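Q: Before I ask anything, here is the structure I am working with.
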Amino acid sequence: MKRICTYSLAMMLSLLTGVTASAAEMFSLAVGEKEHLLITSPSGQQVATLPAGTIQQPIKVGSTSFTVSYGQDTNKRYSAIIAPDPNQPKSLNFSVAGNRIQSDSKASVTVTFSSNLKSVSVDPGAFGLVTLNGNRLTSTIAANQKSTPAPTTRPVSTTPKPASASSSQTAATSNGSSAPATSNGSNGA
């Protein structure tokens, strides 16, 4: 009985959120040679190679269509914006730097690679539902291959901190939660 309830709950959540992309349609993103964005199919076959400066390039992996914009920010970090095909929006299921990202048909996701290209920060955007390794995102979070525990959100204290308090221990986010800072003192964004 417990399995039936768990299955029914999972099915109901999938129907309500629209996050139903199958593992068979999961694609991968990575920065490759000459800092081009590589998009690969579930079988590992290269689907696309995009140079920095790409804007809303349509991509198709299996039956999943989406658009990708890819470039470099002022800090010389590479970012990709992945969004469902505007003509036939579907949920997306992909991996990057060892992390699994799922987004519903209304969500766009911004993935920013660290300067060493080994980890990423993930921004869920303003609309839709995005999960990182099975955990719902509500703000930008640093993600890396070795840390898969659920991100926690804690209310930010309303008491002002003294000027000498260390800002490298937690970084406040715009929605009133806090996220662990990375070892270099930034919040991974």
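The values are calculated or read from the model by the stated rules, or taken from the named source; none is laboratory data. Nothing here was measured: the structure is a model prediction, and the numbers come from that model. FYI the Cβ positions are ideal-geometry reconstructions off the backbone, even for glycines, and counts take in every protein chain you see. Keep in mind that these areas ignore ligands, DNA and RNA; they rest on the heavy atoms of the full protein, side chains included. Shrake-Rupley method; radii C 1.70, N 1.55, O 1.52, S 1.80 Å.
Q: Among the residues of the stretch 121-129, is any surrounded by fewer than 16 Cβ atoms within 10 Å (Cβ to Cβ), of a type outside the set (Asp, Glu) and either out of contact with any Asp or Glu (no Cβ under 9 Å at 6 or more places or on another chain) or assigned to a loop (DSSP other than H, G, I, E, B) (or both)?
A: Looking through the stretch 121-129, at least one residue is surrounded by fewer than 16 Cβ atoms within 10 Å (Cβ to Cβ), of a type outside the set (Asp, Glu) and either out of contact with any Asp or Glu (no Cβ under 9 Å at 6 or more places or on another chain) or assigned to a loop (DSSP other than H, G, I, E, B) (or both).
Q: May I ask you to list the residues in the stretch 132-142 that are surrounded by fewer than 21 Cβ atoms within 10 Å (Cβ to Cβ), in contact with an Asp or Glu (Cβ under 9 Å, 6 or more places away or on another chain) and not in a loop (DSSP other than H, G, I, E, B)?
A: Within the stretch 132-142, no residue meets the criteria.
Q: On to the next question. Which residues, counting only those in the stretch 89-111, are at negative phi, in contact (Cβ under 8 Å) with a residue 60 or more places away in the chain and open to solvent by 20 Å² or more (accessible area, probe 1.4 Å)?
A: 90, 95, 100, 102, 105, 106 - these are the residues of the stretch 89-111 that are at negative phi, in contact (Cβ under 8 Å) with a residue 60 or more places away in the chain and open to solvent by 20 Å² or more (accessible area, probe 1.4 Å).
Q: Select, from 175, 135, the only residue that is out of contact with any strand residue (DSSP E or B) (no Cβ under 7 Å at 6 or more places or on another chain) and at pLDDT 50 or above.
A: 135
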